[in-house]
Structure formats: structure tokens, C-alpha cells
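As C-alpha cells, the structure follows; a few thoughts come after it.
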Amino acid sequence: MPILRGKHIVLGVCGSIAAYKVAQLARNLTLAGAVVDVILTEAAERFVGAATFQALTGRPVLTDMWALPEDNVVGHVALGMHADLIVIAPATAHTLARLAAGLADDLLTTTVLASTAPILCAPAMNVQMYAAAATQANIATLRQRGIIVLEPEIGKMAEPMEGKGRLPEPPLLEGEIRALLGQQSGSLRGRRVVVTAGGTREAIDPIRYLGNRSSGQMGYALAEAARDAGAHVTLISTPVALPAPPV
């Protein structure tokens, strides 16, 4: 069974320009069969509207802790209790600080505290904000508590500068999500898998070689399937025209 089918994922979106990338992630997860409940912080609503995520997931977008249906339980607590995974992307410096302090002052932070599900944070912020001692200390605290905090990418920022602070692209985030869910319930969890992929070349002399036209697609697909099943995957690849899958 596909690893995402029927999984309940809470997707917390914070106030960063990178929030636009997360709309595609929400769509991809939904198409793969996951039940995606999006929580927008107050700041996130200034960047991406609730209607966007509702259209992409087919589910109401959550913003107000006091507006949830109770159904004989405390709604905001039940959301975290029923989650298979909580993903916070983009995770701003402000949200990381609130999580490290254990605050429960809005729907997102309350949901995190009320959940025993794995938590994945994908930071995105200004270069100096990410490098700041306070931010790094908060990240270290969260990791010590078992929260998975991804490293941001290096590249051009919204401001006219380059550096470390970009949100990873949706395919990489989806790969991390699949790996985490696979490690919980996949048939290969606890196993280590090595996959080789791509065409080979055997030198005849300094100029000529014998090779083949293998694209590497099958090997890459096998690596992703093993990852989704919970295995720790090592992919050994020759140069191919394929993006490296997150394994």
C-alpha cells in the first residue's frame, strides 16, 4: 500500500514568503492519498490565503483555536492526537523560538504540544536570522527533544542576497515525509538497502570507452520505494540526468 494513503498529516504554515512553495507540497501529499489538515498562523495568512490550501487539499483550513468543532473532545487537542505526522514548513525563527520555549499560544503550537506524532520542521528565513545564536540554540533544543529540523538550502533569497536560509523544494520535503512515515510502519523499517543505478563505462584507452545507455530511472525508483518502505537507503549512482532523490 502506498505509504501516504490514509495518513493524517498536519501541515503548519508560518509567515514567510516561502509559504508559496508549501501549496504545491500540500497538493502532492493530497494526491498521494494523505489527509492533510493545514494550520495557518496569523502571519502566514498575509502571504498565502486559506482558500488556496482549501482548494488544494479539499479540507477546511484551520486558523483559530477557538473556532474548531468540539465533537465531545477538545478540538485543538484532538487534532494533534490523531496526527500521524506534523510538518511545519516554512518554520520561521519566531515559531522555532516558541516551540523551543514550549508555548501554546496559538493553534499550531498547541497542536504540537498535544501530539506524540513525529514532528518535522523546515526552517526558512533571512540568512542572518538563521545564523543568529538564538536561532541556532533553539534548533539545538528542538533536536534534543527529538524534533527533526531540516537544514535550509543555500541560494538566492527574497532579499537581494544569497546564503543559507531557503526552504527546500517540495520534492525534497515530500521525500523526507515519506521516509519518516516509512520508518514508522514500513515493511523494510530497520533494514539497510544499497542501490546502484546508471550506466557504466569501461575505459579502452584515454579517449574511448565501452558503455551502455542506462538512464538510472529504475535504480532511482527502487531507492525511493525502499525509502518509502522504511529502509535506510544508500544510492550509488553514475552521472545521470536525474535529480538526486531524498533517501
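The values are calculated or read from the model by the stated rules, or taken from the named source; none is laboratory data. Note that this is a predicted model, so its numbers are computed, not measured. Counting neighbours? That spans all protein chains shown, and the Cβs are built from the backbone with ideal geometry, glycine included.
The figures follow:
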quantity: Any hit, region 169-189, residues being of a type in the set (Gly, Ala, Ser), over 17 Å from Val13 (Cβ atoms) and in contact with a helix residue (DSSP H, G or I) (Cβ under 6 Å, 6 or more places away or on another chain); calculated: yes
quantity: Count - residues of region 29-63 that are farther than 27 Å from Glu159 by Cβ and polar (S, T, N, Q); calculated: 4
quantity: Region 171-227 - residue that is of a type in the set (D, E, K, R) and closer than 25 Å to Thr116 by Cβ and, of those, modelled with the lowest pLDDT; calculated: Arg189
quantity: Subset of region 174-203 (residues that are touching a residue at least 24 places away in the same chain (Cβ under 8 Å) and surrounded by fewer than 17 Cβ atoms within 10 Å (Cβ to Cβ)); calculated: Gln184, Ser185, Ser187, Arg189, Gly190, Arg191, Arg192, Val194, Thr196, Gly199, Thr200, Arg201
quantity: Residue tally, condition buried (at least 18 other Cβ atoms within 10 Å of the Cβ) and farther than 26 Å from Ala158 by Cα, over region 1-28; calculated: 5
quantity: Positions within region 100-113 being among the aliphatic types (A, V, I, L, M) and either surrounded by fewer than 23 Cβ atoms within 10 Å (Cβ to Cβ) or outside any helix (DSSP H, G or I) (or both), in sequence order; calculated: Ala100, Ala101, Leu103, Ala104, Leu113
quantity: Filtered residue count, region 15-56, keeping only those that are over 16 Å from the mean Cα position of the chain (by Cα) and of a type in the set (S, T, N, Q); calculated: 3
quantity: Among the residues listed as Val233, Val247, Val240, the single one being at pLDDT 95 or above and either surrounded by 11 or more Cβ atoms within 10 Å (Cβ to Cβ) or part of a strand (DSSP E or B) (or both); calculated: Val233
